[in-house]
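The values are calculated or read from the model by the stated rules, or taken from the named source; none is laboratory data. Being a predicted model, the structure only gives us computed values, none of them experimental. Cβ sites come from the backbone with ideal geometry, for glycine too, and all protein chains shown count toward neighbours. For accessibility, only protein heavy atoms count, side chains too; no ligands or nucleic acids. Shrake-Rupley method; radii C 1.70, N 1.55, O 1.52, S 1.80 Å.
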Amino acid sequence: MAKTGTTTQGLRAAIERSGYYPALVAEAVEAAVGGEPVASYLVHQETTFDSNEVRRHVTVLVLTENRFIVSHTDEQAADGTSPSPYATTSTESVKIDRISSVVLSRVVANPEAYTPGTLPREVVLTIGWGAVSRIDLEPAACGDPNCDADHGYTGSSTADDLSLRVSEAGDGPDTVRQTLAFAQALSEATAATAR
């Protein structure tokens with residue numbers, strides 16, 4: 001379930017409609033946004049199954065004129081640190097000019113018959129700003145199959161701070177549209193700061 005829009009009141013309403021600890025989520029997000037006007041937002045709730053437990057998670061993305069704000073809220077079962085169930089919520093505020101990449105992957109059915117404007121069946125929004133990087137290394141080799149020299153390592157580094165997957169089957173077509181709209185607004189904002 002995702003909601004997107006462009007007003008602070010709309011953001012609050014979308015958080016409340018998600019039904020996922022709305023008072024807690026709204027307070028955290030509104031504190032991070034402060035007095036800045038909201039340019040765009042996306043509220044995405046997902047349910048996961050972990051062994052014998054059902055867990056919920058909500059991600060709230062907010063775009064203001066100067067910042068990208070991401071909030072995550074998770075619920076946890078009672079454990080050794082807490083005798084009762086609890087939730088954790090976090091927010092991160094990133095200056096727009098720090099965003100290094102906005103990647104939108106689209107999955108379409110029957111690409112040979114694709115018509116522009118057709119909704120993808122799935123989208124994955126990946127946003128990087130340098131807080132988290134993944135390094136994949138493997139032993140380097142040369143073209144000689146009989147060579148046993150140490151050629152060091154080769155690999156790649158990928159910025160992967162946030163990745164959000166939304167599918168038409170699981171989340172509905174409106175959620176896919178809303179994710180596309182937020183991705184476009186964020187891409188446009190990052191392009192504007194590069195000028």
Subject >> residue 7-residue 115 pseudo-label distance in nm [points 7 Å out on the Cα-to-Cβ vector] >> reply: 3.4
Subject >> Under 5 Å, built H, 5+ apart or other chain: amide partners of residue 87 >> reply: 76
Subject >> residue 99 accessible area, 1.4 Å probe, all protein chains in place, Å² to nearest 10 >> reply: 20
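Dipole of region 13-111, Cα-centred, from +1 at each Lys and Arg C-beta and -1 at each Asp and Glu C-beta, to the nearest 20 debye? Show your work: numbers first, answer last.
Details: 7 positive and 13 negative charges, 71 e Å.
Approximately 340 debye in magnitude.
Can you give the local net charge around residue 77? Use residues other than it whose beta-carbon is closer than 10 angstrom to its beta-carbon, Lys and Arg +1, Asp and Glu -1.
On the way: positive: 55; negative: 50, 53, 75, 79.
Combined, the nearby Lys, Arg, Asp and Glu give -3.
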**OP:** Express the carbon and sulfur contribution to the solvent-accessible surface of the chain as a percent, rounded to the nearest whole number, probe 1.4 angstrom.
**Re:** 49
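Counting each DSSP H run of 4 or more residues in the chain as -39500 (n - 2.57), what helix-only mean residue ellipticity at 222 nm follows after dividing by all residues, to the nearest 500 deg cm²/dmol? Mind showing how you got there, number by number?
On the way: 4 runs with 49 residues, N = 195.
Only helices count here, giving -8000 deg cm²/dmol.
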**OP:** Please find, in a Gaussian network model of the chain (springs between Cα atoms separated by less than 10 Å), the residue of 73, 88, 175 whose mean-square fluctuation is greatest.
**Re:** 88
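Shape of region 59-154 from its Cα gyration tensor (a ≥ b ≥ c, root eigenvalues): rounded if a/c is under 1.5, otherwise prolate when a/b > b/c, or oblate? Spell out each step's value before the answer.
Numbers: a/c = 1.92, a/b = 1.29, b/c = 1.49.
Oblate.
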**OP:** Kindly list the residues of region 30-64 that lie in the label zone of residue 98, defined by a backbone N under 15 Å from the point 7 Å along the Cα-to-C-beta vector.
**Re:** 32-33, 62-64
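In terms of the Cα gyration tensor, with a ≥ b ≥ c the square roots of its eigenvalues, is region 50-113 rounded because a/c is under 1.5, prolate because a/b exceeds b/c, or oblate?
Details: a/c = 3.99, a/b = 1.38, b/c = 2.88.
Oblate shape, in that a/c is at least 1.5 and b/c is the bigger or equal ratio.
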Original post:
From the square roots a ≥ b ≥ c of the eigenvalues of the alpha-carbon gyration tensor of region 6-109, which class results: rounded (a/c under 1.5), prolate (a/b over b/c), or oblate?
Top reply: prolate
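Only four residue types carry charge here, +1 at the Cβ of Lys and Arg and -1 at the Cβ of Asp and Glu. Report the dipole size of the chain about the Cα centre in Debye, rounded to the nearest 20.
Working: 14 positive and 26 negative charges, 167 e Å.
So the dipole magnitude of the chain works out to roughly 800 debye.
Can you give the direction-averaged projected area of the convex hull of the alpha-carbon atoms in the chain, in nm²?
Working: hull surface 68.7 nm².
Taking the Cα atoms of the chain, their convex hull projects to 17.2 nm² on average.
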